[in-house]
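A.B. asks: My questions will all concern the structure given below.
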Amino acid sequence: MKGFILSFRSEFYKTRKTMGFWSAVLLPLLLCLMLFIGFFVKADRMINTPAMILWFQLAGAILGIMGLLLLPMLIIFIAYSVNNVEHKADTWKTLFSLPIPKLSVYAAKYFYAFFLIFFCLALFVVFTLGFGNLLGLVKPQLKFGEYNVAGILTQLYLKFFLASLGILSIQFLLSLLFSDFLKPMGIGFVCTITGSILASNNWEYAYLFPYSHPMMAMRALSQGQPKGGDHPSPINPNLTIDLFTKDTGISLIIAVVVFIAGYFIVMKKSVK
Amino acid sequence: MVISTNNLTFTFGNQTVVKSLSLQVPEGSIYGFLGPNGAGKTTTIKLLLNLLKTQEGSINIFDLELQSNRIKILSQIGSLIEQPAIYLHLTGKENLLNRALLLQIPEKRVDEMLTLVHLQDAAHKKAGQYSLGMKQRLGIALALLSDPKLLILDEPTNGLDPNGIIEIRELLMKLTGEYKKTVFISSHLLAEIQKMATHVGIINFGELMFQGSIQELEALNKPSIQIEADRTVEAANFLKKNNFAVSEVNDHHLFVPFTSKENMGEINALLNQNGYTIYSINKQQQDLEKLFLAITQNA
C-alpha cells in the first residue's frame, strides 16, 4: 500500500506540469467560462426563464456534448498522456526496477488516470455551480438562486464517471502498449463513433460495448430533460438518475478485467 | 560475492541471447563487463535488475536469490541502463526530487547529489535543455541517490567527451575506494574500462569468454619483440629457418614473441651477422585492445 501511495504521489508530481494534467483543469474551466460569458451577454432574453430551466440550459450545454464526444476524447487523451510521460522519457525500465512492487507501480498509474477523469468531471460540477451562482449574483434578474441543482448535477456527472471506466481501462492499456499517439487515438476514435451509432440506434446489446456507455449515460439525462428545444415542457421536479444500470455494471466489470489482464500483459512483456 | 549468477540462459524467441553465464562479482570491485555491441550485455543487466524474468539458471545478489528477494535487493542497487531515463519536462532537481519521493529520501540528499555530479548550477534548468553529458551525469546522480551498495551502469560514458569520461571514472573509483561500493559497469570499449576496472568479464554472442582480475587479463597479454629491418619478409623467413617463431610480418616490421632479453640479443646478432640491417629492435607490450579483439573474435 505504501508503494502505491508513493507511486501515486509521484504520478502527480511528474504530470503536474504536463498538458495531460492541465487539460483536466482547463477544459471545464474554459467551457464553463464561455457559457458564463454567453449567459451574461444574453441575460436580458432569459429574465422570465424559471430557475430550474436556467440551470438545465447552463449545464445542458456541456452535458449535451459530453457523452457524444467530450468524455471519450478526454479519456483517450488522458490515458495517452499518463503513459506518454514514461514512453517519452524511456522510464518504464526505471519504474519497474524501483524497490516497489510492480503491481503498486502499475496500479498507481492506472488509478491516477481514473483520478484525473474524476477530478475533471468534479471540476465540471464545481464550475457549473460556481458560474451559475455567480451569474445569479452579477445578473440578479436571472433567478439561479431559486433552484438547487447540485444534487442532480453531481449524480449526472457521477454517472458519466461510472460510464467512462470501461473505455478508460481499454484506452489505458492501449496507451501503455503503444508508445505513439495514433494507434490508441485511432482505435479509440473508431470505437467511439461505433459506440455512439450503436447507442443512438438503441441497439439492444449496446450496453455490452463500453464505448456506447457515455452516450447511454447521456440518455439518463435526456430522460429527465425536457425535449423541444427552446421552449421546454415542464420537468419532473423530483428528477432522479438511475446510477447503477446494466451498462454501468458492464463498465465496472470491463475495468476490473482489463486491469488484471493489463497487469499480466505488462509483466509478461519485456521492459524495453 | 555481490553478484553471482549460475548458468544464466535467456532466449528471445528462438535466439539465445545469454548462454549459461556464470558471473562472479566480488565486493568492492569495479567489474568491467565487456563485449561488442549486441553481445548480450544489456539483456544480462536487465536480468540482474529483474526487468526480464530469469528463464534458466539462477541469480544471487548480496547472497540472496533475486526472484524471491526482489524488493530487498533492488533497494540496495542503483542503476543506469542505456540512455538515462529522465523526464525532460522537469528540471534536473525535480527529476531527483521525484525519485527521492518514491524512495523516501530526504531532500538534503538531492542537493548533495547535484553537487557531486556538478549540476548544482543547472539544477533549475529543464532536463530537456541539458547536454548529453549533463543528462548522463544526472542519470548517475539518480542511480546514486539511494546510496546503494551496488551500482549497475550500462555504458555510462556513451556520448561523453574525454573530460566527462575522466570525471565519471574518478567518481566511480572514489565510490569503490572510499565508500566501499561495488560497481558493475558494461562497455564495448576496453580502453575505457581498463583504467579503472579491478575485474573484467568479456562476453560475446552471449557467452562468457573471459572472467578474472585485470592482472589476470594482463597476464594473458604476452609481450613481443618488434624489429624494424630493411627486408622484413626475408628476415622473417630467415628467422623461421633458424627455429624462431614469427608472429606477424609487414613491410616495415616483424614481430617475434618475447621470451628473454638474451634471446632478443641473439636475434639481433643473428640478423646482423647475416646481412640484414636492423633499424630498431625493442620489446613491446601487446595492446589490450588487440587482446580483447582476439578474445571476442575467437568465438
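The values are calculated or read from the model by the stated rules, or taken from the named source; none is laboratory data. The structure displayed is predicted, hence computed values, not measured ones. All Cβ positions, even for glycine, are placed from backbone atoms using ideal geometry, and neighbour counts span all protein chains on display.
A.B. asks: Look at the stretch B:194-235 and say how many of its residues are within 12 Å of the chain's Cα centre (by Cα) and in a loop (DSSP other than H, G, I, E, B).
C.D. replies: Here the count works out to 4.
A.B. asks: Oh, and also: Would you confirm whether any residue within the stretch B:188-207 is over 30 Å from B:Q273 (Cβ atoms), touching a Phe, Trp or Tyr at 6+ places or on another chain (Cβ under 6 Å) and at pLDDT below 85?
C.D. replies: Initially, the stretch B:188-207 is screened for residues over 30 Å from B:Q273 (Cβ atoms), giving B:188-207.
Among the residues that remain, those that are also touching a Phe, Trp or Tyr at 6+ places or on another chain (Cβ under 6 Å) are: B:190, B:199, B:201-202.
Add one more test, that the residue is at pLDDT below 85, and what stays is B:190.
So far as the stretch B:188-207 goes, yes, one or more of its residues are over 30 Å from B:Q273 (Cβ atoms), touching a Phe, Trp or Tyr at 6+ places or on another chain (Cβ under 6 Å) and at pLDDT below 85.
A.B. asks: Limited to the stretch B:155-188, what total is found for residues that are within 21 Å of B:L132 (Cα to Cα) and free of Cβ contacts under 8 Å to residues at least 40 places away in the same chain?
C.D. replies: First pass over the stretch B:155-188, keeping only residues within 21 Å of B:L132 (Cα to Cα): B:155-172, B:185-188.
Then keep just the ones that are free of Cβ contacts under 8 Å to residues at least 40 places away in the same chain; that gives B:157, B:159-166, B:168-170.
Total meeting the criteria: 12.
A.B. asks: Further question on the same structure: Taking the condition basic (K, R) and touching a residue at least 60 places away in the same chain (Cβ under 8 Å), does B:K149 pass?
C.D. replies: Values: basic (K, R): yes; touching a residue at least 60 places away in the same chain (Cβ under 8 Å): yes.
Judged against the criteria, B:K149 is a match.
A.B. asks: Could you list, in sequence order, all residues of the stretch B:236-261 that are closer than 22 Å to B:N221 by Cβ and acidic (D, E)? Let's see the steps before the verdict.
C.D. replies: Taking the stretch B:236-261 first, the residues closer than 22 Å to B:N221 by Cβ are B:244-250, B:253-261.
If the condition is that a residue be closer than 22 Å to B:N221 by Cβ and acidic (D, E), then B:E248 is the only one that fits.
A.B. asks: Another question about this same structure. Looking at (1) within 23 Å of B:E155 (Cβ to Cβ); (2) modelled with pLDDT under 90, which is the one condition that is false for B:G212?
C.D. replies: Evaluating B:G212 over (1) within 23 Å of B:E155 (Cβ to Cβ); (2) modelled with pLDDT under 90 leaves (2) as the failure.
A.B. asks: Can you find a residue that is more than 17 Å from B:A294 (Cα to Cα) and free of Cβ contacts under 8 Å to residues at least 12 places away in the same chain anywhere in the stretch B:216-235?
C.D. replies: Narrowing the stretch B:216-235 to residues more than 17 Å from B:A294 (Cα to Cα): B:225-235.
When the remaining residues are screened for being free of Cβ contacts under 8 Å to residues at least 12 places away in the same chain, the result is none.
Among the residues of the stretch B:216-235, not one is more than 17 Å from B:A294 (Cα to Cα) and free of Cβ contacts under 8 Å to residues at least 12 places away in the same chain, which makes the answer no.
A.B. asks: Still on this structure: Please verify whether B:L80 is assigned by TED's automatic domain parsing to the domain that holds B:I185 and either among the hydroxyl-bearing types (S, T, Y) or out of contact with any Leu (no Cβ under 6 Å at 6 or more places or on another chain) (or both), treating the condition exactly as stated.
C.D. replies: Numbers: assigned by TED's automatic domain parsing to the domain that holds B:I185: yes; either among the hydroxyl-bearing types (S, T, Y) or out of contact with any Leu (no Cβ under 6 Å at 6 or more places or on another chain) (or both): no.
Considered against the rule, which asks whether it is assigned by TED's automatic domain parsing to the domain that holds B:I185 and either among the hydroxyl-bearing types (S, T, Y) or out of contact with any Leu (no Cβ under 6 Å at 6 or more places or on another chain) (or both), B:L80 comes out as no.
A.B. asks: Determine if the stretch A:223-239 includes at least one residue that is more than 30 Å from A:D90 (Cβ to Cβ), away from chain B (no Cβ under 14 Å), modelled with pLDDT of 80 or more and out of contact with any Phe, Trp or Tyr (no Cβ under 8 Å at 6 or more places or on another chain). Steps first, answer last, please.
C.D. replies: In the first step, residues of the stretch A:223-239 are kept if they are more than 30 Å from A:D90 (Cβ to Cβ); the result is A:223-239.
In the following step, the residues that additionally are away from chain B (no Cβ under 14 Å) were identified as A:223-239.
Within this subset, residues satisfying the condition of being modelled with pLDDT of 80 or more are none.
Among the residues of the stretch A:223-239, not one is more than 30 Å from A:D90 (Cβ to Cβ), away from chain B (no Cβ under 14 Å), modelled with pLDDT of 80 or more and out of contact with any Phe, Trp or Tyr (no Cβ under 8 Å at 6 or more places or on another chain), which makes the answer no.
A.B. asks: Shifting gears a bit: Which residues, counting only those in the stretch B:4-61, are within 12 Å of chain A (Cβ to nearest Cβ), at positive phi and surrounded by fewer than 19 Cβ atoms within 10 Å (Cβ to Cβ)?
C.D. replies: Here is the first cut: in the stretch B:4-61, the ones within 12 Å of chain A (Cβ to nearest Cβ) are B:10-13, B:17, B:42-43, B:45-53, B:55.
Narrowing further to those that are at positive phi: B:13, B:50.
Of everything in the stretch B:4-61, just one residue is within 12 Å of chain A (Cβ to nearest Cβ), at positive phi and surrounded by fewer than 19 Cβ atoms within 10 Å (Cβ to Cβ), namely B:G13.
A.B. asks: Go through the stretch B:191-213 and give me each residue that's free of Cβ contacts under 8 Å to residues at least 40 places away in the same chain and within 12 Å of B:L288 (Cβ to Cβ).
C.D. replies: From the stretch B:191-213, those free of Cβ contacts under 8 Å to residues at least 40 places away in the same chain are B:192, B:195, B:212-213; that's our starting set.
The answer is B:E192, B:K195.
A.B. asks: To continue, here is another question. I want to confirm something. Restricting to the stretch B:269-299 and keeping residues that are without any contact (Cβ under 8 Å) to a residue 40 or more places away in the chain and more than 24 Å from B:F205 (Cβ to Cβ), which single residue is surrounded by the fewest Cβ atoms within 10 Å (Cβ to Cβ)?
C.D. replies: Ranking the candidates gives B:Q273 first.
A.B. asks: Among the residues of the stretch B:67-103, count how many are more than 7 Å from every other protein chain (Cβ to nearest Cβ), of a type in the set (S, T, N, Q) and without any contact (Cβ under 8 Å) to a residue 12 or more places away in the chain.
C.D. replies: 2
A.B. asks: I need the full set of residues from the stretch B:177-223 which are in contact with a Pro (Cβ under 7 Å, 6 or more places away or on another chain) and surrounded by fewer than 19 Cβ atoms within 10 Å (Cβ to Cβ), in order please.
C.D. replies: If we filter the stretch B:177-223 for residues that are in contact with a Pro (Cβ under 7 Å, 6 or more places away or on another chain), which is where we start, we get B:185, B:188, B:199, B:204, B:222.
B:H188, B:K222 - these are the residues of the stretch B:177-223 that are in contact with a Pro (Cβ under 7 Å, 6 or more places away or on another chain) and surrounded by fewer than 19 Cβ atoms within 10 Å (Cβ to Cβ).
A.B. asks: Can you tell me how many residues within the stretch B:144-183 are at positive phi, of a type outside the set (G, A, S) and more than 13 Å from the chain's Cα centre (by Cα)? I'd like the intermediate steps shown before the answer.
C.D. replies: If we filter the stretch B:144-183 for residues that are at positive phi, which is where we start, we get B:147, B:155, B:159, B:180.
Those left that are additionally of a type outside the set (G, A, S): B:147, B:155, B:180.
From the residues that got through so far, the ones that are more than 13 Å from the chain's Cα centre (by Cα) too are B:147, B:180.
Final tally of qualifying residues: 2.
A.B. asks: Of the conditions (1) within 12 Å of chain A (Cβ to nearest Cβ); (2) in contact with an Asp or Glu (Cβ under 9 Å, 6 or more places away or on another chain); (3) surrounded by 20 or more Cβ atoms within 10 Å (Cβ to Cβ), B:R137 clears all except one; give me its number.
C.D. replies: Single failed check for B:R137: (1).
A.B. asks: Check whether at least one residue in the stretch A:22-42 is within 14 Å of another protein chain (Cβ to nearest Cβ) and within 23 Å of the chain's Cα centre (by Cα), and report yes or no.
C.D. replies: Within the stretch A:22-42 (the criterion being within 14 Å of another protein chain (Cβ to nearest Cβ) and within 23 Å of the chain's Cα centre (by Cα)), the answer is yes, since at least one residue qualifies.
A.B. asks: Is it true that A:L26 is part of a helix (DSSP H, G or I) and in contact with a helix residue (DSSP H, G or I) (Cβ under 8 Å, 6 or more places away or on another chain)?
C.D. replies: Numbers: part of a helix (DSSP H, G or I): yes; in contact with a helix residue (DSSP H, G or I) (Cβ under 8 Å, 6 or more places away or on another chain): no.
Answer is no for this residue.
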